[in-house]
Amino acid sequence: MDIVSVKRVRRLLEDHGEGFFERMLDPGELADCRTSSGLDLLSLCGRIAAKEAAFKTLRVRGRFLPWRDIVVRRSDGGWPLVELRRGAADMAAQSGITDITVSISHDVDYAVAVAAPILGDPSGLRP
């Protein structure tokens, strides 16, 4: 689980511009957060919270969050989907995680995300 303050993200956006978030989100993620008037802060906060929550499920020590290796996109149905790439995919495989599911919610001042790992079958057998 993770929570992100809209006030904090607004300050980062004002101080550093959109370029700051290009280090954290890929172009598709930024597009999902964009409206006709610019970046939607609640959507942006939700993506950040989802990435943090997803990273926490990997349960790795001494590693920094690989921001661009955890991608949170909007599905055709509107719910968030997590894609693990490169280093994040390696960390997941080492932890026996085959996928991560995430839920995002936001309201005025905060965005929150809850992530749950989907574990592979440890026996290698499928029903």
### Of THR57, THR98, THR35, the one that fluctuates the most in a GNM where the chain has Cα springs shorter than 10 Å
THR35
### Summary
Here the membrane-span-like helices of the chain, with no claim about any membrane, defined by DSSP H, Cα axial extent at least 20 Å and mean Kyte-Doolittle at least 0.0, are 41-58
### Highest-MSF residue in the chain out of ARG73, ARG85, ARG11 [GNM, Cα springs under 10 Å]
ARG11
### Query
In a shell of Cβ-Cβ distance under 11 Å around LEU65, excluding LEU65 itself, what net charge do Lys and Arg (+1) and Asp and Glu (-1) give?
+1
### Task
Could you calculate, for region 1-46, the ratio of the Cα radius of gyration to the Kirkwood radius, expressed as Rg to Rh?
0.93
### Task
Taking all protein chains together and a probe of 1.4 Å, list ASP76, ASP40, ASP107 from the most accessible to the least accessible.
ASP76, ASP107, ASP40
### Surface accessible to a 1.4 Å probe, per residue, for the residues of the chain, Å²
61
### Query
Ordering GLU14, GLU52 by how much accessible area each has at a 1.4 Å probe, largest first, what is the list?
GLU14, GLU52
#### Entry: For semi-axes √(5λ) of the Cα gyration tensor in Å, calculated from these coordinates, the label among (i) 22, 18, 12; (ii) 36, 21, 12; (iii) 27, 15, 13
(iii)
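When the helices in the chain are scored as -39500 (n - 2.57) per DSSP H run of 4 or longer and the sum is shared across all residues, what 222 nm value do you end up with, to the nearest 500 deg cm²/dmol? Mind showing how you got there, number by number?
On the way: 5 runs with 49 residues, N = 127.
Dividing the helical sum by the residues of the chain leaves -11000 deg cm²/dmol.
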### Query
Taking the Cα centre of each part, how many Å lie between region 86-119 and region 22-46?
18
### Message
Could you tell me the relative contact order of the chain? Use alpha-carbon pairs under 8 Å, at least six residues apart, and round to a whole percent.
### Response
30
### Query
Summing +1 for each Lys or Arg and -1 for each Asp or Glu, what net charge is found among the other residues whose Cβ lies under 12 Å from the Cβ of LEU81?
-2
### Query
Just by accessible area at a 1.4 angstrom probe, what is the order of ARG47, ARG63 from largest to smallest?
ARG63, ARG47
### Task
Using a 1.4 Å probe over the heavy atoms of the protein chains, calculate the carbon and sulfur portion of the accessible area of region 2-119 as a whole percent.
49
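The values are calculated or read from the model by the stated rules, or taken from the named source; none is laboratory data. Keep in mind that what you see is a predicted model, and the values were worked out from it rather than measured. FYI the Cβ positions are ideal-geometry reconstructions off the backbone, even for glycines, and counts take in every protein chain you see. Heads up: the accessible areas ignore ligands, DNA and RNA and are worked out on the full protein's heavy atoms, side chains in. Shrake-Rupley method; radii C 1.70, N 1.55, O 1.52, S 1.80 Å.
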